[in-house]
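Right, one structure below, let's go through it.
Derivation of every value follows stated rules applied to the coordinates shown; laboratory data play no part. Since the structure is predicted, the reported quantities are computational estimates derived from the model, not experimental observations. Here the Cβ is made from the backbone with ideal geometry for all residues, glycine too, and neighbour counts use every protein chain on show.
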Amino acid sequence: MSKEEITYPVKGGGKLTYWLKLDPKVSASSKTIADTEFAKELAKRTGIEIEWVHPTQGQEQQQLNLMIASGDMADIIDAPWGTWYPGGAEKALQDNVILPLNDLIEKYAPDYLKVLETDPEKNKQVRTDDGVLYGFACFRGDDINTVYVAPLLRGDWLKELGLSRPTTVAEYEEVLRAFKEKKGATVPFTITKNLDENFVAGALGFSLNWYIDDNGKVAYGRLHPNYKEYLTIMHRWYEEGLLDNNFATNDGDAIKANMLNSTSGLTIGFLSGNMGTWMNAMKDKDPNYELVASQYPTLNKGEKVKFAQKDWKFNGWSTAITTSCQNPELAAKFLNYGYTEEGEMLYNFGIEGVSYEMVNGYPTYTDAVMKHPTFSVAEALSVYTRTAYADGPFIQRKEYIEQVMQLPQQKEALQILIQADPYPNKYPPATTTPEEAQELATIESDINTYVDEMTLRFIIGTEPLSNFDKFVETVKSMNIDRAIEIRQKSVDRYNNRK
C-alpha cells in the first residue's frame, strides 16, 4: 500500500464526531471539552472540526454500550476496550463495532506507526492476538509515568523516633510498633479491605492475585505456599493492633481521617491524590507534618523489589474508529496528530506562551497552570492539555509528572518507586477470546467471592489458620485449574505476538 504524505492542517479538512468521557478535571472549568483551549487549538492545527460527544458522568460504560446497541455511533470512541466492551476489543471487531486499523495506520498514521515500530513492547500490547491494530493507544512515556502508588509513612514521626525508612517486612513491623507505643497511633497501619496485592505478599514471592512465576507460568497468589505466611503476618498485626481493626469497612474518607488526625502513620496511597493533598491540607495546622514514601518491602535487606505498583506503558485506553465513520482516512489522520512532535507538545503542555514556555530546552508550565487562582494544577492543565487525564491518542511525557509532583517528598518518592522491577512477574495485558472471557467470568466470580470472605476471616481470626489447607482444597475444587489453563493460553498467545 502506498503511503500518503500527511501534513497539518489536513488539506480540505472535514468533520468528525468524537465520543469520550467528560473527565471531572475538565468539567471543573467547562461544560464540554469543546469549550477548552485545547480542543480549539487542536481543531485549528489539524484543520478538522470535531463534534465532541460526552456520556453522563458516572454512566460512561453503560452509555457506551447503549450507543453501540443503537447502531448510531460516533466516528471515534475513546475507551478501555478490554473492560468496557463485553469480550474486549476482539469482540468489538468481531461484532463489527470498530474497524481493524492496520492498513489505515500504515497509510495515514505514519507517526503512530513509528512509535509501534520502534518499541516492540508497545507494539505487542496494543494488538490483538491475531496482530490486528484496533485503536490509537495512550502510552506512558517513561518509567516515572508508570508509578503513582506507594507505602506512605509519617516522615516527621520517623525523624522524631530516630528510625530509618523501613525496607523489609520486619522493619515495617518495627516501625508500626514504634508508632503505636511511642506516638500513640491507635491504628498504625490503615488500609481498606482491598488490601494491596504487593505489600507484604511481594516480599514473600507472589502477588495476591494473578502474576507470572519465576518459571514464566501463570500463577494465582492465593495458592502460593507462602500465602499462609502472609495471612499469619496480617493476623498478627491485626491482633496486636498494628493493622486497622476497621480495615474491612474502611473507605477513602476513613483512611484520610486516620492519616490526618495522627491515628495512623502508614497507609498505601497515591502520590498525588493522597500524599500531595494531605500534606498541603496540614501545612498550616501542623508545619512539621510530613509524609514520605518507602519502597515496597522485601523479606531480606538489600533485595531487589520484584512486586510493586508499576504499570505497563500502555494504560489500557485506546481510541478506535467505528464502522459508522464515513471517512476513516480522515479519522486516522486526525488521531495520528497526537504522536507528531507538535501534537505531543499540545497534548502534554498546551499552547506555548500561554500554558508553557521553553526554559533551557525544558517545557515549563506557566503560572496559568501552576498558580491558577481558582483551579487545581490538574484542572488548570485540563483547560490546555489532555495529559492530566491521560486517556487519549498520545504519549504522556515525563515532564508532566516531574512538574505536577511539586513537593520534594513526591519527587523523591518517584525515584524510589522506579527502582522496582516487577515486569518479569507482572501479569501482562493479555487478552482472552470472547468464549474464554465468559468462562473465566463464571469461574472467577465464585472464587473471588469465597477468597475475599476467607481472607477477611483469616486475618480477623474468625477462621483459624489451621484451616488453611482446607481453604486451598476448596479453591482448587472451584475449577481454579481451568482458570489457570485459560489464562496461560492467553499469556502464551500474548508472548507470541509479533
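Distance from the Cα centre of the range 232-279 to that of the range 129-169, in angstrom?
If you average the Cα positions of each part, the centres end up 18 Å apart.
Can you give the percent of C-alpha pairs in the range 434-495 whose distance is more than 13 Å?
Of all Cα-Cα pairs in the range 434-495, 66 percent lie more than 13 Å apart.
By the scheme Lys and Arg +1, Asp and Glu -1, what is the net charge of all other residues having a beta-carbon under 14 Å from that of Glu49?
Around Glu49, the surrounding residues sum to +2.
Which angle from 0 to 90°, rounded to the nearest 10, does the C-alpha axis of helix 60-70 make with the longest principal axis of the chain?
40
If we restrict to alpha carbons, what Rg and Dmax does the chain come to, in Å?
For the chain, the Cα-based Rg and Dmax read 24.1, 73 Å.
Could you work out the helix-only [θ] at 222 nm for the chain, with each DSSP H run of four or more residues adding -39,500 (n - 2.57) and the total divided by the number of residues, to the nearest 500 deg cm²/dmol?
Numbers: 22 runs with 207 residues, N = 498.
Result for the chain, helices only: -12000 deg cm²/dmol.
I'd like the antiparallel share, as a percent to the nearest 5, of DSSP beta bridges with both residues in the chain. Provide the component values of the computation, followed by the final result.
Details: 25 of 39 bridges.
Within the chain, antiparallel bridges account for around 65 percent of the total.
If Lys and Arg each add +1 and Asp and Glu each add -1, what is the summed charge of the other residues whose beta carbon sits under 15 Å from the beta carbon of Ser207?
Details: positive: Lys217, Arg222, Lys306, Lys310, Lys426, Arg487; negative: Asp196, Glu197, Asp213, Asp214, Glu229, Asp311, Asp421.
Spelling it out: positives minus negatives among the neighbours equals -1.
With an 8 Å cut-off on Cα pairs and a minimum separation of 6 or more residues, tell me the relative contact order of the chain in percent. Intermediate results must be reported in sequence, preceding the final value.
Working: 846 pairs, mean separation 119.8, N = 498.
Reported relative contact order: 24 percent.
Give me the angle, in degrees from 0 to 90, between the Cα long axis of helix 434-460 and the longest principal axis of the Cα atoms of the chain, rounded to the nearest 10.
For helix 434-460, the angle is close to 30 degrees.
Return Ser376, Ser207 ranked ascending by Cβ neighbour count within 10 Å, so the fewest neighbours appear first.
Going from least to most buried by this count: Ser376, Ser207.
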